[in-house]
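First the structure, in the form of structure tokens, and then the observations on it.
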Amino acid sequence: MKHLGKLLVALLAGMSFSTAIAQSESQPWAIKVGANAVDFFNERNAFEDFRVAKTENWNIIPSISELSVGRYIKHGLSGTLGGSLNRIDRVGSLNNDVDTTVRVEEVSYFSLEGMLSYDLRHAFNKQEGWFAPFVGLGGGYNWIDSDGEFSANLTLGIDFWITENFAISYDSTYKGYLGEYDDQGDVEFSGNLGVPVTGQGSHLQHSLGVKFAFGGADSDGDGIADNKDECPEVAGLKEFNGCPDSDSDGIKDSEDNCPNEAGSAENGGCPDSDGDGVLDKDDSCPQVPGLRNLSGCPDADGDGVTDNIDGCPNEAGPAANSGCPYADKDGDGVLDKDDNCPAVAGIKSNNGCPEVKVKVVSQEVQKKLNDYAKTILFDTGKSTIKAQSENVLRDITNILKEYPDARFTIEGHTDSVGSAASNERLSDSRAASVKNFLINGGISSSRLTSRGYGETSPISPNTTKAGRANNRRVEINLVK
């Protein structure tokens, strides 16, 4: 350590410092190995003259001579156990107020000690940084040759953290002896001329070494301690504080909407392979640029049917016909789907079929039908048609058959005797009975409707017997 100052400056100049927390809850253990220098003085107490720079009096062996193990506790406090060895062959002396060095016969030096240290960064609420000064208080046992005594130790030191796990460490310790080697508490050395040399029992010890921090819990084995790992149960990356990026797109899984597919940050980590602005996860045609409103698929003919399901992708057509236009084979302007006669040109009003001359029901025929209908008789209070009315109904059936394109409504009416509700029900069932007779006689049901009006449409006063008889009737009318 003769040139310790120069060596320390050179090491610091070449460092690329980290912002590591260093020894902490995440890396609670630390091992230090290094070399030490012991400084004895024969006149003044070493604590009164803290002579760090007076290296001529330092006793050093050119090898690793110190080893310590530390454990972080909390709030910047750490506990350390260590030991050192050395050889004493010189003692500082004050001669006419001038420091000199006195050579003595070489003796061994060995110490074991414990220390409780405090990281001064915590005093300023700064737990990170490469510059980490500390102060320590502890005690030890020190042997000079075969004699040993206890000491109370005060340490000042600095750790220069180069990485999160590695530091250059320097400290100086004042060891105040608690016992006495002789009556004055001095240490007797044999001078190089055979003259005894007295040194103060209390002395300084300086140390320079390297420190390695380790031992934090890392449940997922990703190299990031659990207390700094935002995803301690899943192996991840340092740049994401221990969280994974499964698709390696630079977006951690917890913020990636598509964690298993590489994408861009502007798309929330999702890919858009065809660049149409529709993410692949929402794109039904992810390899072909398309329209957002059609789930990313193209529509060449603009008919709203995407090309991948369009039977006629270059001709606009309705979705109901797979995107193809409807045909009109007979060219009558009525599409085949609506054309009842698709092979024959017709008219729109007749559903695409040729115009049909409809036989017109004259007023005379209409009157004849109602005259016949008025004669239809029913069992009293019932809708059953009396047998003598069947011939009239057959005549009505024959008339209706002469007009196959005409549609008719059958209406039932009653007088006002009885309740309105019962009269309506009776008239409705009687109209239905006539309708059923005509259907059974060969008239299509599509041409006939029936309804009962009860007493709501009288044609004569209900105050006389004759009037009530007129009101009890069935009418068959042409639907216009």
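Residues of region 366-398 that are touching a residue at least 24 places away in the same chain (Cβ under 8 Å), open to solvent by less than 30 Å² (accessible area, probe 1.4 Å), in a helix (DSSP H, G or I) and touching a strand residue (DSSP E or B) at 6+ places or on another chain (Cβ under 9 Å): LEU369, ASN370, ALA373, LEU393, ILE396. TYR403 meets each of the listed conditions (1) modelled with pLDDT of 90 or more; (2) in a loop (DSSP other than H, G, I, E, B); (3) crowded, with 18+ Cβ neighbours inside 10 Å apart from (3). If you go through region 231-242 one residue at a time, do you hit one that is without any contact (Cβ under 8 Å) to a residue 40 or more places away in the chain, loosely packed, with under 13 Cβ neighbours inside 10 Å, of a type outside the set (D, E, K, R) and in a loop (DSSP other than H, G, I, E, B)? Within region 231-242, not a single residue is without any contact (Cβ under 8 Å) to a residue 40 or more places away in the chain, loosely packed, with under 13 Cβ neighbours inside 10 Å, of a type outside the set (D, E, K, R) and in a loop (DSSP other than H, G, I, E, B). For region 266-285, a residue qualifies if it is in a loop (DSSP other than H, G, I, E, B) and open to solvent by 40 Å² or more (accessible area, probe 1.4 Å), and the qualifying residues are SER273, GLY275, SER284.
For a quick check of your reading of the model, give me the residue pairs whose first member lies in region 119-145 and is under 16 Å from LYS211 (Cβ atoms) and in a helix (DSSP H, G or I), whose second is at pLDDT below 90 and acidic (Asp, Glu), with beta-carbon atoms closer than 8 Å and at least 6 apart or on different chains. What qualifies is ARG121/GLU128.
Looking across region 432-471 at every residue that is charged (D, E, K, R) and part of a helix (DSSP H, G or I), the one that is farthest from the chain's Cα centre (by Cα) is identified as LYS465. Output the number of the condition that ASN308 fails; it satisfies all remaining conditions of (1) part of a loop (DSSP other than H, G, I, E, B); (2) touching a strand residue (DSSP E or B) at 6+ places or on another chain (Cβ under 7 Å). The one condition ASN308 does not meet is (1). Would you check if CYS297 is over 30 Å from PRO342 (Cβ atoms) and open to solvent by less than 70 Å² (accessible area, probe 1.4 Å)? The answer is yes for CYS297. Among the criteria (1) in contact (Cβ under 8 Å) with a residue 12 or more places away in the chain; (2) in a strand (DSSP E or B); (3) over 50 Å from the mean Cα position of the chain (by Cα), the one THR100 does not fulfil is (1). Could you look through region 328-341, keep only residues that are open to solvent by 50 Å² or more (accessible area, probe 1.4 Å) and not charged (D, E, K, R), and pick out the one that is nearest to the chain's Cα centre (by Cα)? Step by step, filter region 328-341, then rank; the result is LEU335.
Against the criterion of being hydroxyl-bearing (Ser, Thr, Tyr) and either open to solvent by 50 Å² or more (accessible area, probe 1.4 Å) or over 49 Å from the mean Cα position of the chain (by Cα) (or both), SER78 does not qualify.
With respect to GLY277, is the statement that it is farther than 22 Å from ASP222 by Cα and within 14 Å of the chain's Cα centre (by Cα) true? Judged against the criteria, GLY277 is not a match.
Going through CYS341, CYS353, CYS285 one at a time, which residue ends up being under 30 Å from ARG447 (Cα atoms), in contact with a strand residue (DSSP E or B) (Cβ under 6 Å, 6 or more places away or on another chain), modelled with pLDDT of 85 or more and not basic (Lys, Arg)? Checking each option against the conditions leaves just CYS341.
Quick check on region 22-30. Is at least one of its residues of a type in the set (A, V, I, L, M, F, W, C), part of a loop (DSSP other than H, G, I, E, B) and at pLDDT below 95? I'd like the intermediate steps shown before the answer.
Of all residues in region 22-30, those of a type in the set (A, V, I, L, M, F, W, C) come to 22, 29-30.
Cutting the leftovers down to part of a loop (DSSP other than H, G, I, E, B) gives us 22.
With the extra rule that they be at pLDDT below 95, the set shrinks to 22.
Yes, that holds for at least one residue.
The values are calculated or read from the model by the stated rules, or taken from the named source; none is laboratory data. Please read these numbers as outputs of a predicted model, since none were measured by experiment. Cβ atoms come from the backbone with ideal geometry, glycine included; neighbour counts cover every protein chain shown. Side chains included, ligands, DNA and RNA excluded: accessible areas come from the protein's heavy atoms. Shrake-Rupley method; radii C 1.70, N 1.55, O 1.52, S 1.80 Å.
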